[in-house]
1. Amide H neighbours of F365 under 5 Å, counting only residues 5+ apart in sequence or on other chains, H built in-plane at 1.01 Å?
2. For segment 124-191, what is the convex hull (Cα atoms) projected area averaged across all directions, in square nanometres?
3. Please state the equivalent ellipsoid semi-axes for segment 339-386: what are the square roots of 5 times the Cα gyration tensor eigenvalues, largest first, in whole Å?
4. Let me check against my output: what whole-number percent is the relative contact order of segment 84-197, with C-alpha pairs under 8 Å and at least 6 apart?
5. If a/c stays under 1.5 just call it rounded; otherwise compare a/b with b/c (prolate if a/b is bigger, oblate if not). Do that for segment 158-235, with a ≥ b ≥ c from the square roots of the Cα gyration tensor eigenvalues.
6. When the accessible area of the chain is computed with all protein chains present and a 1.4 Å probe, what percentage of it is carbon and sulfur?
7. By how many nm would the segment from E419 to Q305 grow when fully extended, if each residue of separation counts as 0.36 nm and the alpha-carbon distance is taken off?
8. So how far, in whole Å, is the C-alpha centre of segment 569-627 from the one of segment 58-115?
Amino acid sequence: MPLKQILYLFHSYMNFKLLLLSLLISVHALSIQSDSLKTTELNNIEVKVFEKSRQKLTSPDALSILTDKIISPTNGTSFLSGLNTQAGVRMEERSPGSYRIAIRGSSLRAPFGVRNIKVYWNQIPFTDAGNNTYLSLLEPDLFQQIIITKGPGGGIYGAGTGGAILFNSGFDLKNKVKFQTMYPSLGGLKTSIDINLGNAFKNHRIYASQWQQEGFRVQSAIKKQWISYEFNKSFGTSGAISLTSYYGDLAYQTPGGLTLKQFQENPSNARPAAGIFKSAVDQQATFKLKSFGIGAQISNQFNSQWGWNFINAFQYNQVENPTIRNYELRDEPNFSSRGVIHRKGIINLDAGYEWQSGQFDSQTFGNKKGIKDTLQLIQNTRLDQLTTFLQADYEINTHWILTLSGSLNAYRTQYINQETIFSPRAAIVRKLGAHQSITAKIAQGYSPPSIAELRPSAGIINTNLKAEKGWNKEIAWKGESNDKTFNWDLTAYLFNLNETIVVRRAADGSDYFANVGETTQKGLELTTSWKVHKYLLVNNSTTWQDFRFTDYTTAGKTYNGNFLTGTSPFQNSVLAIFNHPAGFSWNQQYIFSDYLFLNDANTDKMPAYRIWNSKISYQKSNRKFSWELWFAMENILNETYSLGPDLNAAAGRYYNAAPGRNFSVGLKINTY
C-alpha cells in the first residue's frame with residue numbers, strides 16, 4: 001500500500017479516536033482530575049476585544065486566539081499555516097503574496113485580496129476606507145497575538161459581516177535583539193532583525209525584514225522589504241501613549257489561473273496566451289505596492305469609573321499593477337480616527353466612533369509586454385465611512401451576563417447613494433459553574449461594497465451595487481476540565497444574508513460584481529485544545545458548513561439550492577506542538593479541506609485535499625545569548641492541489657497550483 005494511503009488511513013483512525021475521546025472528556029469534564037498535568041489555564045487568557053478585557057470562556061462573541069507559537073507554526077513567511085488551524089477560518093493563496101481570507105463564508109467578494117473583514121494592528125485600523133486590506137505586507141514574526149472575531153459584531157469594528165482580525169505586536173520588557181535568516185527550497189532568502197529596547201514603562205521596537213523567493217510556478221516570484229517602528233510609554237496605571245509606524249515595499253508576480261487540463265499537465269506553468277490575450281509572462285503580470293502608515297493612540301483613566309482612548313492614523317498606498325489586460329496605477333491616501341469612552345459600574349458602558357476617509361485615484365493604461373502604453377481610463381473618487389456605537393455589559397448575578405450593543409453606520413461615495421444602517425447585537429452568557437458556559441447571540445451585519453467592487457478591473461463603475469445585510473443567530477457551549485488541561489468551544493450558527501455580493505468574470509478575464517439576492521449559511525464549529533502531557537499540546541479544529549443560495553436568478557437561470565461558490569462543507573485541522581525542556585521542539589500539522597464548487601452553477605468542482613506540514617527545531621540559551629536552528633517541510637506527501645482557485649473564472653481558468661513538497665531551514669539568534 002502506498003505511503004500516502006497508509007498515512008491517510010492512520011490519520012482517519014486517529015481522528016476518530018481523538019474525537020471520541022474529546023466527547024467523553026467533554027461530558028465528564030467536571031469530574032476529571034490529573035496530578036500529572038499541571039499547566040496554565042488554556043481557556044482563561046485575557047484579551048482586549050470589543051473594547052473590553054475578556055476571557056474566552058465568558059466572552060459573548062465567537063473568538064479564536066492565536067499565540068506566537070500558533071501564528072506561523074512552520075516557516076514564518078505567511079499566516080497561511082496559522083490561520084488555517086482555526087475553525088471557521090479559511091486563508092487562501094493564489095500565489096505567494098496574493099492572499100484571501102474568508103471567515104464563515106466564501107471568498108467570492110475577494111478574488112484578489114481581503115474584503116468584508118476589518119483588520120486592526122494594535123487597535124489601529126489597517127483596513128482602509130475603501131474596505132481593502134493589504135495583508136501581504138504584514139510580517140508573521142512581528143506579532144505576539146492574533147484575535148479573530150467571527151460573524152457580525154454589531155458595528156463595534158465598523159461595517160462588516162465576516163468579522164475582524166486584531167493583530168497585536170507587543171513588546172519585550174527588556175533589551176533584546178533577535179536576528180533570523182531562512183533559506184527556502186523554492187529559492188531565495190529571508191532575513192530579519194528585531195530590536196527591543198525598554199522596560200515595564202517605556203519601550204521602543206524596530207523590526208526590519210527582507211524576503212525574496214523564486215516561487216513554485218513560473219511568474220510567481222516575490223520580493224518584500226519591510227521596516228516598522230513602535231513606541232509605548234505608560235504613565236503608571238492611569239494612561240499610556242503609543243505609536244505604530246511602518247514602510248513596506250512589496251512586489252509579487254501573478255501567474256494567472258489555469259484550466260483543468262493545463263493544471264493536470266503541468267501545474268507549475270503560468271497562464272499561457274489565448275486568442276488575442278498574451279500570456280502572464282509576456283505581459284509581466286505583477287502587483288507592486290509601496291505603503292506607508294503611522295498611527296498614534298493615547299488612553300487615560302480619569303478615575304476608577306471613567307476612562308477613554310483615542311486613535312488617529314494615516315496610511316498611503318501606491319499601487320502599480322501590470323496585468324494580462326491592462327496596466328493600472330493607483331494612489332490611495334487614507335485617514336482613520338477612532339475614539340471610545342468607557343464607564344465601569346453596575347452596567348459597564350462603551351460609547352465610541354470610527355471614521356475613515358480615503359481618496360482613491362486610478363489611471364488605467366494599455367499593457368505592452370509589461371510597459372505602460374496608451375491611457376485608457378481615469379477614475380478618481382473619495383470614500384467616507386462613519387460608525388458610532390454604544391455597548392453595555394451587565395452582570396445580572398454570578399451566573400448571567402447580558403451584552404447589548406448597537407451602531408449607526410454611514411457610507412458615502414459619489415458612485416452610489418449614501419446608506420445609513422443601524423446594526424444591533426444582543427448576547428447573554430450563562431455560566432455553568434466555574435468551568436463552563438453557554439452563550440446565545442443575535443446580531444445584524446452590514447457590509448457596503450468596497451472600492452474594488454464598485455470600480456472593478458472591467459473598468460465600468462457599478463452604480464447599482466448594494467450593501468450586504470443579514471442577521472446572524474448563534475449558540476455556543478464553552479468549557480474546560482477541572483485541571484484546565486482540556487478545553488472546548490462548540491458553536492452553531494445561522495446567518496441569513498441579503499443582497500449577497502458575488503464576483504463574475506467577463507470573457508476577457510476581467511472581473512465585476514453583482515448582488516444575487518439571498519443566501520442561507522448554516523455552520524457548526526468545534527475547537528478543542530488538549531494538554532496531553534506537560535510537553536505536548538494537541539489543538540483540533542473542525543468546521544461544518546452548509547451555505548446555499550436561496551434566491552438567485554440571473555440570465556434566465558435559477559441557482560436556488562446550489563452550494564455557495566468557494567465554500568467547503570467540511571474542514572479539519574490538527575496541530576500537535578511538542579516542547580521538551582532540553583531545547584527540542586516539534587510541530588506537526590494536518591489540514592483537510594473537502595471539495596468545493598468553483599462556479600455558481602455548481603457544474604465544476606475542486607476535489608478535496610490533505611496537507612501535512614512539519615517543523616523541528618533545537619535551541620540553546622543562557623543569560624545573555626540564545627540560538628535556535630529549525631527545519632520545516634510543507635506538503636510532505638507532495639499533494640497536487642489549488643489553494644486559491646479563481647471562482648467563476650471565464651473558460652474554466654480556476655486553478656492556481658500550490659507548491660508541491662518544499663522545505664526551509666532557518667537560524668534564530670537572540671542577545672539580551
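1. Distant-sequence amide H within range of F365: Y327, E328, L329, Q376.
2. The Cα convex hull of segment 124-191, projected and averaged over all directions, gives 7.0 nm².
3. Here the semi-axes work out to 48, 11, 5 Å.
4. The value is 20 percent.
5. Because a/c hits 1.5 or more and a/b fails to exceed b/c, segment 158-235 counts as oblate.
6. Within the chain, the accessible surface is 58 percent carbon and sulfur.
7. Here the segment from E419 to Q305 would lengthen by 37.5 nm.
8. So the separation of the two Cα centres works out to 13 Å.
The values are calculated or read from the model by the stated rules, or taken from the named source; none is laboratory data. Fair warning: this is a prediction, and the values are worked out from it, not measured in the lab. Counting neighbours? That spans all protein chains shown, and the Cβs are built from the backbone with ideal geometry, glycine included. Calculation scope for accessible area: heavy atoms of the full protein, side chains included, ligands and nucleic acids excluded. Shrake-Rupley method; radii C 1.70, N 1.55, O 1.52, S 1.80 Å.
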